[in-house]
1. Which of the residue pairs 147/232; 127/267; 147/193; 193/239; 127/232 have a Cα-Cα distance greater than 31 Å in the structure shown?
2. Using a 10 Å cut-off on Cβ atoms, rank the peptides 76-83, 110-117 from the highest mean neighbour count down.
3. For labels at residue 163 and residue 45 in the simple 7 Å Cα→Cβ model, what's the distance in nm?
4. How much length is gained on full extension from residue 99 to residue 174, taking 0.36 nm per residue of separation minus their Cα-Cα distance?
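Just so it is clear, none of the values below were taken in a lab; they were calculated from the coordinates. These numbers were taken from a predicted model, which means no experiment stands behind them. Note that we place each Cβ from the backbone using ideal geometry, even for glycine, and neighbour counts take in every protein chain shown.
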Amino acid sequence: MIDRRVPEAASLRLLFQEQGDLLRQLIANWQNTRLDEQAQRRALDEAVETIVSGTDARLRALSNYQQQLRQSTRELLVHIEDIVSRLPAPVLITKETLVMDQRIGPIFPDLTQVDRLIQERRVTRDKPFTDTAAQSTEIYALFSLFKHEKQGFGAELQGDIMVSDVLQTCVNFVGHQVIALEETETELRSTLKRTLFESIVSYIRQQTLSIRHARSAEEQRQDALDPSRNLKNPVVYLKTLKQLLELPRDLLAVQNHQLSINAMGVKVTSIQAEPTTSINSLDVNEISIGDSRPRILYMTRHPVAPAD
């Protein structure tokens, strides 16, 4: 008679081991999910506190200020994440690419200026680069600049005839600044998200101050008599702050421009209009915070010599 208990016991042990491995994996996944959720809650609470510190710390006297601001703060963070994630990958800036890459030549016409701005930001950077970065061959920069358009009259080749006094739009890119310098693209995007969030908080503070200062003497007298409409009242301020935060697309907007510019910096409305002229096709993203002047944010990569 064949004893089947030994192979059956082995099969059971294998089954229990597989079930045990699965259970351990489920527990690990559950713990990781809990940790992720806890980290997200902590990050959201920190964001709320940053808003309160940057606007009016007296809100902490209210017991429910975090609960009141949590949802609108979450929506603002999601909006910032969405905008930053849709920005194009960093573009390599070298002497060769400034000549060959039509996306960046008109925006960064002078490599000497670019190198100077990178070096200045290196000096003022608030944290040193790691040992890993010292061996890296690239660093990542976030440039801020403005697009300036000016109309005037100039000459234009139309077919075989040079026509004068043609209304033209000249495009210049000015005010270049390096607002962040990081070791990786991931760190650069994280810094951009933090910078946008802090800029929005500063803008909201200015907006609430403007609301206060814009009130007439009679309105201010009424405010003093009626705390329910006085912006100096933390309850009223919290309500106003919540209303501003509930409109994230008004606080942060991005506008994409597809520009065609010839070698003279003149905007070309139709490439066929200048068939013999070199045309630069630019993809520009202008980001504005509230009603402030739109800025172009451009992520770039820059080769560096590894440290000895």
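1. Result: 147/232; 127/267; 127/232 exceed 31 Å.
2. Ranked by mean Cβ neighbours within 10 Å, highest first: 76-83, 110-117.
3. Modelled inter-label distance: 6.8 nm.
4. Value of the extension gain: 25.1 nm.
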